[in-house]
Amino acid sequence: MSTEPVTPPAPFPTPSHESRIHGCLLGGALGDSLGYAVEFDDISTIRGKFGPAGLQDFSALDGGSHFSDDTQLTLYTVDGLLEALEWANSGVAADTNACLWLAYLRWLATQDVPVPETAPFQPPRWIDSHGVLKHRRAPGDACLTGLATGEMGTFFRPVNPDSKGCGTVMRSAPFGLVPYIAADAIYKLSADAASLTHGHPAARQSAGIFSLVIHALTAGHGLREAADYALGQLDAGHLRKGEEPDPDVVARLEAALRLGTAGVVLEPEDLIRELGEGWVAEEALAVALYAVLATEPDPTAAAGHPEAHFRAAIALAVNHSGDSDSTASIAGNILGTFYGENCLPAQWLEALEAPEVIRGMASQLAAVTGA
């Protein structure tokens, strides 16, 4: 695999970095919200509720939908990065992973889980003033238990050493949105943050790869090129000394790229057989990447496809017997970064819970990174 992705001609106007930030966070929240409505339903149940094609649109949800812990933790990842960047912009070095840990601990306090007395106290920040982020929306066990130890998990001192749940991947898009940082630094930031809650190599590596996909897209590279490049970085010296690429990560992601590049739109039953249900990190990323690639329009066709591509990819990522909100959230992050806000359906944004909070965090990240 090549060490640098190739930039194809863009069939649509190149979005600004600020638009990519807003598109990433809002797109992820849209995918998360649509998927959360059916997260614990198998495909038969989904079809029984919404018809043979499954859940395609927010209009099918009479009571609307909420976003889940996926969006909550993504926004708290943004906040941890914001604090580290704010310190850096003031000329003071900060431990980025410590800032992220403290942000996640503040999220933990909203989930009816006592924060250990041994954990350091941090004053509340802007994000903590919003009640919508204090609801318990089916958070992953490893995220809760890893933070509840009061220990700052690391590569060398992991918490939940056997856990590779998707709670690392679904919160890791923001690392790729920080500009002017080398790929190896992006990977390390993301993988180290994953170690705060999940100790299995697959969890760290999947999170790092996902962040590199976002990083490549912000630089203007194409979807297939960004995915191929990110996976190739497992062999590019970014892993810790003595760590090898996890075989399950490599197998699932290579399958996703192969199937997605072939443009094969799998039936939901075949999707989970080929790529998994998405409850663990490498499967969630694989399903999302596949959904994005398999629905990509012909690049030689006329412009005007971003919204249609977003709708099709999210529908594919939602409708299966697995972790529908996480797979669709990751797919939404990817396409929102690639296209910017231009791909987000207006009717879906109208149905989105608390868009002002998501936009507020996006605006802060854009401001602090000079976007």
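The values are calculated or read from the model by the stated rules, or taken from the named source; none is laboratory data. Keep in mind that what you see is a predicted model, and the values were worked out from it rather than measured. Cβ atoms come from the backbone with ideal geometry, glycine included; neighbour counts cover every protein chain shown. Remember, those area values only see protein heavy atoms, side chains included, never the ligands or the DNA or RNA. Shrake-Rupley method; radii C 1.70, N 1.55, O 1.52, S 1.80 Å.
List of remarks:
- Formal net charge of residues neighbouring P15 (Cβ-Cβ distance under 15 Å; K, R +1; D, E -1): -2
- Lys, Arg +1 and Asp, Glu -1 on Cβ, resulting dipole of the chain about Cα centre, debye, nearest 20: 520 debye
- R136 - accessible surface, heavy atoms, 1.4 Å probe, Å² rounded to 10: 120 Å²
- Dipole orientation for the chain: of the candidates P158, N89, L266, N89 has the Cα lying most toward the positive pole (charges on Cβ; Lys, Arg +1; Asp, Glu -1).
- Across the options F40, V318, P114, the greatest Cα extent toward the positive end of the charge dipole of the chain (unit charges at beta carbon of Lys, Arg, Asp, Glu) belongs to P114.
- Bridgeable aspartates and glutamates around K49 (alpha carbons under 19 Å apart, same-chain partners fewer than 8 residues away excluded): D32, E39, D41, D57, D62, E267, E269, D323, D325.
- Sparse-neighbourhood loop sites, chymotrypsin sites (Phe, Trp or Tyr not before Pro) in segment 110-216 - DSSP loop, at most 12 other Cβ within 10 angstrom: F121, F156, Y180
- Using the alpha-carbon positions of segment 158-284, Rg (one decimal) and Dmax (whole number) come out as 14.0, 42 Å.
- By the equivalent-ellipsoid construction on the alpha carbon gyration tensor, segment 254-371 comes out with semi-axes of 25, 17, 13 Å, ordered largest to smallest.
- From helices alone, the chain scores -17000 deg cm²/dmol at 222 nm; the rule is -39500 (n - 2.57) for each run of n ≥ 4 DSSP H residues, then divide by the residue total.
- Over segment 274-334, the alpha carbon radius of gyration divided by the compact-protein estimate 2.2 N^0.38 Å works out to 1.11.
- The C-alpha radius of gyration of segment 230-306, expressed as a fraction of 2.2 N^0.38 Å, stands at 1.26.
- For segment 95-168: span of alpha carbons on each principal axis (Å, largest first): 34, 28, 21
- P(r) tail fraction, the chain - alpha-carbon pairs more than 28 Å apart, %: 36 percent
- Kirkwood Rh, angstrom, segment 47-142 [1 / mean 1/r, Cα pairs]: 15.6 Å
- Straight-distance crosslink candidates among aspartates and glutamates, where the alpha carbon sits under 16 Å from K241 and sequence neighbours closer than 8 are dropped: D184, D192
- Gain on full extension, evaluated as 0.36 nm per residue between N89 and S44 minus their Cα-Cα distance, stands at 11.0 nm.
- At most 15 other Cβ within 10 Å, DSSP loop - chymotrypsin sites (Phe, Trp or Tyr not before Pro), segment 4-100: F40
- Summed residue charge, Cβ within 9 Å of L34's Cβ, Lys/Arg positive, Asp/Glu negative: -3
- Summed residue charge, Cβ within 10 Å of A103's Cβ, Lys/Arg positive, Asp/Glu negative: -1
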